[in-house]
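Worksheet for the structure shown next.
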Amino acid sequence: MPELPEVETVKNELAPHIIGRCITGVTLLWEGIVKAPSVKEFCLRIAGYEITDISRHGKYLIVSLNSGDKLVLHLKMTGSLILQKNDAELPKYTRAIIHLDSGQNICFRDPRKFGVLKLVQNTKEIDAKLGPEPLEASFTLNIFAERLANRKAPIKALLLDQKFLAGVGNMYADEALFAAKIDPRRASNSLKKPEIKRLYHAIRDALTEGIKYGGASIVTYYHPDGSKGTAHQYFNVAHGRNKSCPVCGGPVERIVVRGRGTYYCPKCQK
């Protein structure tokens, strides 16, 4: 699933091509991608309006229109946004096409059909579902420690809870826990102050590195120009089946924590 670094990369790369452009229409090749409002109203309300901004909150992309509406996109597990000329061959698994007055299209490619398009007047419903942004200056070490207190869930599971932190997913949680030398099964409230500090910085470092390398293209994630990210080439343990720990040389193991596949080094993360 595209996580914070992947969605941030898409936002950054789309922005110069779409801000200031007008949406001339939308073609839905699978109407189920539209979750709100009705398909008919969605198509009517989006056409003819200028894109004034694009932002990210957690794993959501939010495209602001000069009508006051906001187009909310969630790539879910297998979604990608591909920017191409309107006469180019559509990417396989394209579910929706947003047409721009520049002669380009934004193609929402989604093999497994989990992706979401919504047109809303505000993002209050989304904001209420999400915790703090881990890369924002306002997310301090003290706030992180306070949010961990009295939480009994395994730390890996808690990091994936979007109400706890916005945007962290499976890959970067595994990387952060490895860097902090913390067993992913540890109860969150069992972490000591030095461990909390290490994990706080490890989360921010893992996400920052992910953005630096354009996100991780494990299976289905692509940049808007169709190229792949390279962040996965620098992972230590994430998706590391049959790999060796870069620190101790021991085998990276896969376990399941609250239903989520988790990669870690048993020796380094005791």
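The values are calculated or read from the model by the stated rules, or taken from the named source; none is laboratory data. Note that the coordinates shown come from a computational prediction; the quantities given were computed from them, not determined experimentally. Positions of Cβ are backbone-derived with ideal geometry, glycine not excepted, and every protein chain shown enters the neighbour counts. To get the accessible areas, we keep the full protein, side chains included, count just its heavy atoms, and leave off ligands, DNA and RNA. Shrake-Rupley method; radii C 1.70, N 1.55, O 1.52, S 1.80 Å.
Checking each residue of the range 143-151 against the condition of being in contact (Cβ under 8 Å) with a residue 60 or more places away in the chain and touching a Lys or Arg at 6+ places or on another chain (Cβ under 9 Å) gives no match. For the range 190-200, the set of residues classified as exposed (fewer than 15 other Cβ atoms within 10 Å of the Cβ) and in contact (Cβ under 8 Å) with a residue 40 or more places away in the chain consists of Lys193 only.
Taking every residue in the range 228-257 that is within 18 Å of Ser217 (Cα to Cα) and pairing it with any residue that is modelled with pLDDT under 95 and among the β-branched types (Val, Ile, Thr), at least 6 positions away or on another chain, the pairs with Cβ-Cβ distances below 8 Å are His232/Ile218; His239/Ile218.
For the range 29-42, state whether one or more residues are touching a His at 6+ places or on another chain (Cβ under 6 Å), in a strand (DSSP E or B) and over 18 Å from Lys124 (Cα atoms). No, there is no match, as no residue in the range 29-42 is touching a His at 6+ places or on another chain (Cβ under 6 Å), in a strand (DSSP E or B) and over 18 Å from Lys124 (Cα atoms). Based on what the data block shows, is Ile182 in contact (Cβ under 8 Å) with a residue 12 or more places away in the chain, over 21 Å from Arg260 (Cβ atoms), open to solvent by less than 40 Å² (accessible area, probe 1.4 Å) and not small (Gly, Ala, Ser)? For Ile182, the condition - in contact (Cβ under 8 Å) with a residue 12 or more places away in the chain, over 21 Å from Arg260 (Cβ atoms), open to solvent by less than 40 Å² (accessible area, probe 1.4 Å) and not small (Gly, Ala, Ser) - is not met.
Scanning the range 203-217 for residues that are hydroxyl-bearing (Ser, Thr, Tyr) and in a loop (DSSP other than H, G, I, E, B) turns up at least one hit.
Just to be sure before I move on: is Tyr172 in contact with a Gly (Cβ under 7 Å, 6 or more places away or on another chain) and closer than 19 Å to Leu141 by Cα in the structure I sent? Judged against the criteria, Tyr172 is a match. Just to be sure, is Asp87 assigned to a strand (DSSP E or B), of a type outside the set (S, T, N, Q) and out of contact with any helix residue (DSSP H, G or I) (no Cβ under 8 Å at 6 or more places or on another chain)? No; evaluated as a whole, the condition is false for this residue.
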